[in-house]
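The values are calculated or read from the model by the stated rules, or taken from the named source; none is laboratory data. No experiment lies behind these values; they were computed from the predicted model shown. Glycine gets a Cβ as well: all are built from the backbone with ideal geometry, and neighbour counts include every protein chain shown. All accessible areas refer to the heavy atoms of the entire protein, side chains included, with ligands and DNA or RNA removed. Shrake-Rupley method; radii C 1.70, N 1.55, O 1.52, S 1.80 Å.
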Amino acid sequence: MNAPPSGPTTGPAGPLAGRHIVLGVTGSIAAYKAVEVASRLVQGGAIVDVAMTRAATEFIAPLSFRSLTAREPYTDMFRPNGEFGEAHVELARRADLMLIAPASASMLARLAHGLADDFVSLTALATVAPVLVAPAMDAQMWEHAATQANRAMLEQRGVEFAGPASGRLASGRMGAGRLVEPTAIVDHVKARLGRERGDLAGRTVVVTAGGNREAIDPVRFIGNHSSGKQGYAVAEAARDRGAKVILISTAPLPAPVGVRVIPVSSHRELFAAVRETVLDADVLIMAAAVADYRPAQPFERKIKRGEAGDLTIELHQNEDIIASVSSPRLIKVAFAAETDDLLDNAARKLKAKGAQLMVANDVTAPDAGFAVDTNRVTILDDRGGADELPLLSKYDVGVRVLDRVAELLREAR
Ligand code: CTP
């Protein structure tokens, strides 16, 4: 009998697990998207209490939230679910973060001026937890001087804004005012929670991702199969633990929320960006599949078929980036994608590159390596240790690598 295909093992508790989020929902046509936000927060393991303005209840039924969160939404200031006398104070005290999504123009005004005449603004005024708002309104309302003044006032007070995004609005016009997508809102929540309490808060982590393109002529290049997914997943995991993350990427993937992306293409550009950013970094994670060779002399014009008959391209060797950057405090993590003698090759490279950790993966395995969302790696360290991990999502591989990094950072203190 065939064994069932094995999926990735469940990862360690994620960044939302056990965190108490108060989700404030206000009156906007985008209120229905708050249902997906609540659902994603709950799936991530958060405890979600929903507070709604009366206008929000016109757009979406409290029952939707009750069903998803298994908790009674707070909708009426004068009848707060009967749990306790000062419901808003209790709710505000319990919150690890208050998220208001969608936040209408009127809600931004109430928050800016400290009004407390509905359950959402009342809780926001009573909480000391970080407040994150995701505005949604028509572009004219968002651009109005009053709204912009309210935004500036709130930002100055430490309220963080997720969006609004630009695009097609409910009015049919194009402009800024769209609620950012639920997945992005949840990423903002993770990033903000990470900065509050994450074990990498205050650290700078540089991550490289993707494969280089080395120009042969203006239209052709030498490249490799790296998708950049593992590097992006490490960057997101580092962000969720509070790090300031700089992602140097060759990959055409969307920039992760809260991560500074420096787009590069060739080895030369990658090297320059790494050299510059590691000066202030605590950690360098080289997940990029770096080109070892480049055409010695790229052609200035497109090579024409038949012009040269058979073609020989001379290649020059590129410098080893990770081996050539160092600083006393920099922790270096290398990746080794191998097709044979995985652990021997990885251990040899760990030494040669002066890295503290080496993440080795066999790219011939079908569920690991390029393009897929899972990976099966062994983490080697410079003391001879080898930790063989089960099949994990690339994000969870990032988490396990960062567990080791956090340990090294603690030891170095
Ligand atoms: N690396 C680097 N600079 C290079 C080549 C690789 O910084 N010029 C980094 C990669 O980002 C990775 C690690 O070194 O973290 C190992 O990369 P890999 O390509 O496996 O190693 P190489 O040194 O290129 O060895 P080989 O090609 O012989 O396997």
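Residue-wise test of (1) within 30 Å of D217 (Cα to Cα); (2) outside any helix (DSSP H, G or I); (3) touching a residue at least 12 places away in the same chain (Cβ under 8 Å).
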| residue | (1), (2), (3) |
| --- | --- |
| I313 | yes, yes, yes |
| E319 | yes, yes, yes |
| P328 | no, yes, no |
| F335 | yes, yes, yes |
| G354 | no, yes, yes |
| N361 | no, yes, yes |
| P366 | no, yes, no |
| A371 | yes, yes, yes |
| T378 | no, yes, yes |
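Here the condition is being in contact with a strand residue (DSSP E or B) (Cβ under 7 Å, 6 or more places away or on another chain), in a helix (DSSP H, G or I) and open to solvent by 70 Å² or more (accessible area, probe 1.4 Å); of L408, L343, it holds for L343 alone. Residues in the range 192-240 that are at positive phi, within 16 Å of the ligand (Cβ to nearest atom) and surrounded by fewer than 24 Cβ atoms within 10 Å (Cβ to Cβ): G228 alone.
Pairs are defined by a Cβ separation below 6 Å, a sequence spacing of at least 6 or placement on different chains, a first member in the range 198-210 that is touching a residue at least 12 places away in the same chain (Cβ under 8 Å), and a second member that is part of a strand (DSSP E or B) and aliphatic (A, V, I, L, M); the pairs so defined are V205/V245; V205/V283; V206/I246; V206/L284; V207/L247; V207/I285; T208/I248; T208/M286. Does A56 satisfy the criteria of being closer than 21 Å to A165 by Cβ, not charged (D, E, K, R) and not in a strand (DSSP E or B)? So A56 passes the test. Taken as a whole, the range 71-78 holds at least one residue that is assigned to a strand (DSSP E or B), in the same structural domain as H188 (by TED's automatic domain parsing) and not charged (D, E, K, R). Here the strands (runs of 3 or more DSSP E) wholly within the range 247-298 that include at least 1 residues being within 17 Å of the chain's Cα centre (by Cα) are 260-263, 283-286.
Among residues that are within 14 Å of the ligand (Cβ to nearest atom) and basic (K, R), R348 is included.
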